[in-house]
Amino acid sequence: MVNPLEDRRLSPEALGTLCYLIANPSEASIDHLRRRFKRGKDRTQRIMLDLIATGYVVRKQERHPDYMTFEKVNYQIIGVEK
């Protein structure tokens, strides 16, 4: 995989968000990132979609086993070492 710092597909916002997520993987939620970077929901979601499209992040959402309702969305960083 390409070094994220040299990956020209990433916007400066996406690169900064990825670096933050590498350092703080447990804080990979849209709400947390919105508060941390003072961005709106749509902008934060767009950045996460860019990171998914470039292969650095995967989106996971499980169903509650009893009610079959969707649980909280989780994002996981992949292909990047700390």
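No lab work stands behind these numbers, since they all come straight from the coordinates. Nothing here was measured: the structure is a model prediction, and the numbers come from that model. Every residue, glycine among them, receives a Cβ derived from its backbone with ideal geometry; neighbour counts consider all protein chains shown.
Approximating the spin labels as points 7 Å out from Cα along Cα→Cβ, the Arg59-to-Gln45 distance works out to 0.8 nm. Percent of Cα pairs in the chain per distance bin of 5 Å, from zero to the largest separation: 3, 14, 27, 24, 16, 9, 5, 2, 1.
A simple count of charges around Thr69, restricted to other residues whose Cβ falls under 15 Å of its Cβ and scoring Lys, Arg +1 and Asp, Glu -1, yields -1. Ellipticity at 222 nm from helices only: DSSP H runs of n ≥ 4 in the chain, each -39500 (n - 2.57), divided by the residue count, give -12000 deg cm²/dmol.
Under the combined filter of DSSP loop state and at most 15 neighbouring Cβ atoms within 10 Å, the stretch 28-82 retains these chymotrypsin sites (Phe, Trp or Tyr not before Pro): Tyr67.
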